[in-house]
1. Rounded to the nearest 0.05, what FRET efficiency is calculated for D344 and A462 with R0 set to 35 Å and r the Cβ-Cβ distance?
2. Hey, with R₀ at 22 Å, roughly what FRET efficiency would R848 and S819 work out to, going by the Cβ-Cβ distance, to 0.05?
3. Relative to the present Cα-Cα distance, how much length would full extension add between V595 and D491 at 0.36 nm per residue of separation?
4. Kindly identify region 689-845 as rounded, prolate or oblate by the Cα gyration tensor criterion: order the square roots of the eigenvalues as a ≥ b ≥ c, call it rounded if a/c is under 1.5, otherwise compare a/b with b/c, prolate if a/b is larger, else oblate.
5. Between S726 and T164, 0.36 nm times their residue separation minus their Cα-Cα distance comes to what?
6. How far is it, in nm, from the label point at R439 to the one at A607 when both lie 7 Å from their Cα along the line to the Cβ?
7. Might you report the magnitude of the Cβ-based charge dipole of the chain about its Cα centre, with Lys and Arg at +1 and Asp and Glu at -1, to the nearest 20 debye?
8. Could you work out the relative contact order of region 755-858? I mean the mean sequence separation of Cα pairs under 8 Å and 6+ apart, divided by the number of residues, in percent.
Amino acid sequence: MSLPAAPPATVWPGLDPVWSRRVVAPDAGGVPRTWHLLDNGAAPEHGTLLCVHGNPTWSYLWRRVIAAAPPGWRVVAVDQLGMGLSERTPPRTLAERVDDLANLTKALGITGSVVTLAHDWGGPVSLGWALAHREQLVAVVLTNTAVHQPPTAAAPSLIRMARTQGVRQAVCVATPIFVRATTALSRPALPRAVREALAAPYASPAARRAIGDFVADIPLDPSHPSVVTLDAIAEGITGLDVPALLLWGPRDPVFSDVYLRDLLSRMPHADVHRYEKASHLVIEDAPRVAEDVWRWLGDLVPQADPSVRSASSPPGPVRERSGGGDPPGAAAPLWGALSARVGDHATAVVELGTHERRVSFDRLERTVRDLAGGLVATGVRPGDRVALLVPPGADLTAAVYACWRTGASVVVADAGLGVARMGRALRGAAPDHVIGIARGLVLARAMRVPGRLVAAGLLDGASRRALGAPLGLADLVRLGRGRPLPPTPEDDAECAVLFTSGATGPPKGVVYRYGQVRAQLEALRTAYGLTADDRLVAAFAPFALYGPALGLASAVPDMDVTAPGTLTAVALAEAVSAVSGTVVFASPAALRNVVATANELSPRHRAALDGIRLLISAGAPVPLTLLLDVQGLVPQAELHTPYGMTEALPVTDVSLAELEAAGPGEGICVGRPLPGVGLGISAFDDLGGVEAGPTTRPAVSGEVLVRAPHVKDHYDQLWATERESSRTTGWHRTGDVGHLDDDGRLWVEGRLVHVVRTASGPVTPVGPEQRIERLDGVSMAAVVGVGPVGTQQVVAVVVPSTGARPGLAGPELAAAVRSAAGVTVAAVLVVKDLPVDIRHASKIDRARVARWAARVLEGGRVGRP
C-alpha cells in the first residue's frame, strides 16, 4: 500500500482536521484500496453532497463547501485513487474511476438523496456515478468541466501539450510544473498558503504519478480506451431530468465557454452562473461559489438554507399608479408601426456624418422584410441569438427589426462598454450569429465570440471572406426577397439581451421577452405623449432603435457613441434639423458638452432647437444647474429626467419645473412612479442590510424595489445575481438606495454596494457628495468607506476646480468639506479626476476610489484612483 505522508494540518488553511478520514474500499477490480476523504459526518436529513475533484487538485478544494454546509446535509469530498492523500495505484481509466467511486459510496453507506458536485475531470467521474445511481440522484452541480470535445473547436492547447509523452512525464510527474501552473492560473494570485496546501499531496514524483496518468486518460482521439465511456456519459446526461447548476470561471484557458455551451446543449434546463473574473479554479477565485451552491440547494430544499426568508409581504400598501398586465395593443408585433407605413416615403432614419444618408419608411420596411427572409434562408431560427456589432444608423435598425421578424433575439453590447468588456459580454451571451462591420467582426474573432459571421457595411467579397463572413447584408436582402417568414413570436419568447454599463462590476446581460419590450414601448409612448407627429433625435444610440416601433422618424447626431461627451451643440442642432426633431434623448455627459459648445451655434441652429418640444435626459444623475443651462438652448421644450436602469426603464419621471419646486434634499429627486409601475423601499437595518419587504412610508431609506410589465425577465447566465435581485417575490431589487418623500417622489441616494457601513449605521453617498460639491472650489466629490464593514470610516475624495496635488487635502479645504458634508468625515483627500463609466461618463466608480483612498491613508503610493 502506497500512501502519501500527511502534511501537518496547520498548512491547510480553512480545513478542519476533524473532517479528514481514511476508508478502505475495493477498487473497480475488487482490490482493497485506502481512500482519503473529507466528511463532515452530519446526519443526511436532506441528503449527501458528494464532491469530486479533478486533476491535479484534491478534496481540499471543497473546504469552503463543507464549512458552509447547513444542518441536515452530509458532505463527502473524496480524494480519487492515486490523488490527494489516497493510495497510489496503477493507472486508472475513466470507467474504472466511475466504478471506484461507486464502490466507495457503497462502503460509506451513502444511501438516500445525493447531489453530486464536481470540478475539472471530476465532472465525468461524478456524472458517470450519477447515471448509475439515478434512484438516489436529486441534482448535479458542475464547475469548469467537460464531457465532450466539440468538433468545431480544438482541444485546449495546454492539454494537448501536456499529453505529449515526453512533456507529460516532465511537467506532470518528474517536476511539479503542472501542479504549480494550475494554482497559478488565478488572478489575483491565490494566497501562498492556499497554493501550498493544494500542492501539498504532490511533493514527489511518486506522489505525482497519477497526475500524468490522469492526463494520459483524456480521450482526444477516437481510438482512446476511455472514448466509449466518455461518449456514454455525454449521451446519458441528455436524459437526466434532475435540476442542474453550472458554476463557471470564463477566464479558464482549459475549460473555456466552448465546454459550457456543450453542457448546456445537453442540459438546457440547467441554471448557470458565470463568475466573470474567475479562471479554472473557480471555487478559489470566487469564494462565494460555496454559498451559492447551498443557496441553490436551499431553494430545492428550503429548510436547508436558513438565509431563505420571505420578503414578499410589504408592511403597508405599495404605491402604484395603475395595475400591471399587458399594455393596450400588446398583440401588435414590434414592427407593426413600421409595417403600417409601407408605401410611406417620408424619412424614417437619417445617418449623419461625412455622408448623410436618408432611408424612407417604405424602403426600411421592405429592407427589413427581405433581410429577415435572407436570415431565415441562411439558418437563423426563432430563438437564435444574433449579436449586432453595427454602429447606429439604417443598417443597425434594419438588422434589429429583421431579427425580430425571424423570431430571433438580438444581442446588443454597445461600444460604450469598452473593447475588453464588450468582448467578454458577447462571449458570455454565446450568440448563434454575429452581424458586424469590419471592426466588429475582427473583434468577434479576436475575442473568440461564437457564431456564424455576417458582414455589414461596404466590404468586397475578398474582404468578407478574409473576415470569415462570406455573406453581407446586401446578399441576404437579395436572397430573402419573396421568402415566407416565421409567425410573430409569442410574448414569452426571448427578444433581446442588453448589457448594464458595468459601473459597479462586470457588465451584466439582461434578458427581455417580446412582451416586456412591447410594454416598455407603451410605457414610453404613454409617459411622454409620443405620437406619429414626433421625430426623435437620440444621442444615446439604443433609443434610436425604438423609432420604427413607435412609428417615429429618428436620427443619431454625428458623435462618437462610445464617448457621450463628444456631442456638440452644433451636432445636436444638425440632427434636429435633419428630421425636424421634436423629441431629444441625451445623457447628462452629452448635455454638458452641448452647453459647453453652445457658443458655436448659428441662428439657423438655434431656430432648429426651438422646434424641440421635449428633451429627456437619463442614464445618470442630472444636476439641476445643467438642466437650467439646457433649458436656455431649447426654450420651447419641456425637460424631463426619467429614472430607470437597463433592467427597467422608465420607472419614474420628473420635470425641470418639479425639480425646481422640490428644492434640495438628501439625494437626487427622480420623481414619481409612472403609470403601471410599483415602487417600494426595502429599509436599511442597523448594519446597512436590506432584507425587509417594500414599504412606501416616507423618509425611510433603503434599497429601491420596482415592479412593472417592462421589468427585465432575468439576468443571463447569472443565476445567483438573478436570485438576489428577485428574492422579494414579484419585485426587482435595483441595487439603488433611496427614499420616498411625503409627496411620493423618489430620491436616489446612491448604490447599495457603495453604502458606507459605519459603527453608527449606514451612510449613503449622494447627499454628502451634493453638499460638498456646492462648495466654492470643488467641482466633483466622492464619499467612500475605508476599513472593515460595520466600522468603516467616511472618507471624502474631492476634485478641486483649480487643480491640486493628489493626496491629503489642505487644512482649509478639509475643514470646509467636513463642515459641509453633514456626516462625520474621517479624512479628506484630493484627486485630479474621478473614475467614471465609459457609457455615461458620469457614474463614479466609488469602489475603485475607496481602494485608492485606503492605500493613500496607509502611506502607500498616491498615483490616481
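1. Efficiency at R0 = 35 Å is approximately 0.35.
2. Using R0 = 22 Å, I get an efficiency of 0.25.
3. 33.3 nm
4. prolate
5. Gain on stretching S726 to T164: 197.4 nm.
6. Output for this residue pair reads 3.5 nm.
7. My answer is approximately 1940 debye.
8. Here the relative contact order equals 26 percent.
The values are calculated or read from the model by the stated rules, or taken from the named source; none is laboratory data. Because the structure is a prediction, the values reported are computed rather than measured. All Cβ positions, glycine included, derive from the backbone under ideal geometry; neighbour counts span all protein chains shown. Protein only, heavy atoms only, side chains kept; ligands, DNA and RNA dropped before computing areas. Shrake-Rupley method; radii C 1.70, N 1.55, O 1.52, S 1.80 Å.
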